[in-house]
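To start, the structure under review is shown below, and the notes come after it.
The values are calculated or read from the model by the stated rules, or taken from the named source; none is laboratory data. None of these values were measured; they are calculated from a predicted model. Reconstructed Cβ throughout: ideal geometry from the backbone, glycine too, with neighbour counts over all protein chains shown. To get the accessible areas, we keep the full protein, side chains included, count just its heavy atoms, and leave off ligands, DNA and RNA. Shrake-Rupley method; radii C 1.70, N 1.55, O 1.52, S 1.80 Å.
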Amino acid sequence: MTDDSLQDLWLHQAADIKVNTLTIRADSVTVHAATTGDEAGCPLCGTVSTRVHSSYVRRLDDSAAGGRRVVVELRVRRFRCRERACPRATFVEQAAGLTFRHGRRSQGLQTALQQLALALAGRAGSRLAESFAVPVSRSTLLRLIRALPDPAHAVPRVLGVDEFALRKGHVYATILVDIETRRAVDLLPDRTVATVRSWLADHPGVKVVCRDRSASYAEAVRLGAPDAIHVADRFHLWQNLADAVEKTVLQHRALLPEPAPPAESAPAVALASVSSEPRRTGRLSDRVREQHAAVHALMEDGFSLRVIARRLDLARGTVRRLARAKDPDELLVGRWTGRTSILDPYKPYIDQRFAEGHTIARRLFEEIRQRGFPGQEQIVREYVRRLRATFPHQDPPRRKPSVRDVTSWITRRPDRLRSEEAQQLKELLARVPALATTAEHVRAFAELMNDRRGSELKDWITRVQQDQVPALSSFANGLLQDLDAVVAGLTLPYSSGAVEGHNNKIKMIKRQMFDRAGFDLLRKRVLLAA
């Protein structure tokens, strides 16, 4: 391989560097190279110098090749600074595209590790780097993240503001998102009015602020960006409305079950008792009948029971029983039929559960095992199989709807309800007028929100207050306290959806970083991850 080929293969990104030789080992590759420039600039004063003081070899880790670790042994020179006023007497030249001050890696590998750390953080990034033959510790990857500069963002025209938990229930911070580009702009260490107001004051130019109905964020925006339009997020508005609906349903939960039907004596579900008729077929039945006929034939010929037992190779007790029975059916009844079973004490319970619609043998076995049944599941399976063959399957009774079920039915789109759910909701609203009124107001609010008819919000609030549904009235009164922001939220196309997406991403990053996700490190990853 020629020198030009080596240069193009290993150090094509760097200028003024010559590759001399390669040393290839079983687990590593060493590239021997040297700088070839005639001059270098002082990093402190910028003076260009051609006076060489000395040289030495720098060892730089580079990206792996063929599963082998790559080390670049680069001979660099130390130059004398020609500026007498410069406090640096000597300085070392840097190879553009390959080295940087105090670096033990090439610029290409440094950039790759930074991207790896941003994507996977410390532990996972370290494991992946090791599989690529680039050993690096998790702490080193975290230091690489912290050393990265913050990205430069233009002041957003439409800003999203929301809180997220650093320690849920105890410590909260604030995230700021550019709604138009859907990129995180900054993370603030708390959610106080002073911190958010200070950031807005330092970054003038915000025209629209999307937020939830938090009073602290509303106050901070009024102080920091007095000319900005407040937009209440539609997701939070609908969430608040759903909470009000749930409170209303909870007040009428006693009316949720359907009225009980007239009491009728339900037919008992149980298998008929095992028949006492003699067994007519089967190997044992045939053998008994043959033995009975042979014994009685020999008795008619005058043979004794001892001789008959010897001739038929039977025990004398067996011959005696056969001789006493006038008919073989006397021996078959009660011997192989009507036997007791270890399941007998639990059959009434199984019959009751089967009548209630619980027909899965596995579940019935688990239930009676908790009640002390010592047998195997197969016994229960056989009994349930006979029950299914004897009695046709009946659908279990319809489950009583819960408060959450009814709340979901009222606040969901009608076309997304199953036919059974829609029928149950229709019957429930016919029984409970207060819930029917609530459902009507919810549908009206949904139409306002979907059609962006925020100008009609006051009329909706008036109708709710006239119907005097307590929970909905409380929700409507809360809207009046932040009316301009709510009207803008129901009119303008902006929302906090991008902010909620970043909140979910923050939760994922915190899980990746375990207990090392300090605020400064978390902020770097959120701002630089994209």
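Got a sec? Which strands (runs of 3 or more DSSP E) wholly within segment 180-256 have at least 1 residues that are within 19 Å of residue 478 (Cα to Cα) and charged (D, E, K, R)?
Numbers: elements: 183-188, 208-211, 229-232.
Here the list reads 208-211.
Here are 141, 120, 187: which of them is under 30 Å from residue 218 (Cβ atoms) and of a type outside the set (Val, Ile, Thr)? Break it down stepwise before answering.
On the way: 141 fails: under 30 Å from residue 218 (Cβ atoms); 120 fails: under 30 Å from residue 218 (Cβ atoms).
One residue alone meets the criteria, 187.
Tell me the helices (runs of 4 or more DSSP H) entirely within segment 413-530 that contain at least 1 residues that are among the polar types (S, T, N, Q).
Output list reads 419-431, 433-450, 457-467, 470-481, 497-513.
Per-residue answers, yes or no, for (1) surrounded by fewer than 16 Cβ atoms within 10 Å (Cβ to Cβ); (2) closer than 15 Å to residue 224 by Cβ; (3) at pLDDT 95 or above; (4) out of contact with any Gly (no Cβ under 9 Å at 6 or more places or on another chain):
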position	(1), (2), (3), (4)
167	yes, no, no, yes
170	yes, no, no, yes
191	no, yes, no, yes
202	yes, yes, no, no
205	yes, yes, no, yes
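Given the structure, is residue 482 among the acidic types (Asp, Glu) and under 35 Å from the mean Cα position of the chain (by Cα)? Can you show your working first?
Numbers: among the acidic types (Asp, Glu): yes; under 35 Å from the mean Cα position of the chain (by Cα): yes.
Yes; evaluated as a whole, the condition is true for this residue.
Please count how many residues of segment 281-335 are hydroxyl-bearing (Ser, Thr, Tyr) and modelled with pLDDT of 85 or more. Walk me through it before giving the result.
Going residue by residue through segment 281-335, those that are hydroxyl-bearing (Ser, Thr, Tyr) are 281, 285, 304, 318.
Imposing the further condition that a residue be modelled with pLDDT of 85 or more reduces the set to 304, 318.
Result for segment 281-335: 2.
Restricting to segment 103-149, what's the tally of residues that are open to solvent by less than 70 Å² (accessible area, probe 1.4 Å), closer than 20 Å to residue 71 by Cα and not in a helix (DSSP H, G or I)?
Adding up the residues that qualify gives 7.
When you scan segment 361-395, how many residues do you find that are within 30 Å of residue 420 (Cβ to Cβ), free of Cβ contacts under 8 Å to residues at least 12 places away in the same chain and either buried (at least 17 other Cβ atoms within 10 Å of the Cβ) or within 37 Å of the chain's Cα centre (by Cα) (or both)?
Total satisfying the criteria: 2.
Could you say which residue among 28, 5, 63 is modelled with pLDDT under 90 and open to solvent by less than 30 Å² (accessible area, probe 1.4 Å)?
Details: 5 fails: open to solvent by less than 30 Å² (accessible area, probe 1.4 Å); 63 fails: open to solvent by less than 30 Å² (accessible area, probe 1.4 Å).
Selected residue: 28, the only one of 28, 5, 63 that is modelled with pLDDT under 90 and open to solvent by less than 30 Å² (accessible area, probe 1.4 Å).
Would you be able to tell me the number of residues in segment 11-61 that are under 30 Å from residue 89 (Cβ atoms), in a strand (DSSP E or B) and either without any contact (Cβ under 8 Å) to a residue 12 or more places away in the chain or aliphatic (A, V, I, L, M) (or both)?
Count: 9.
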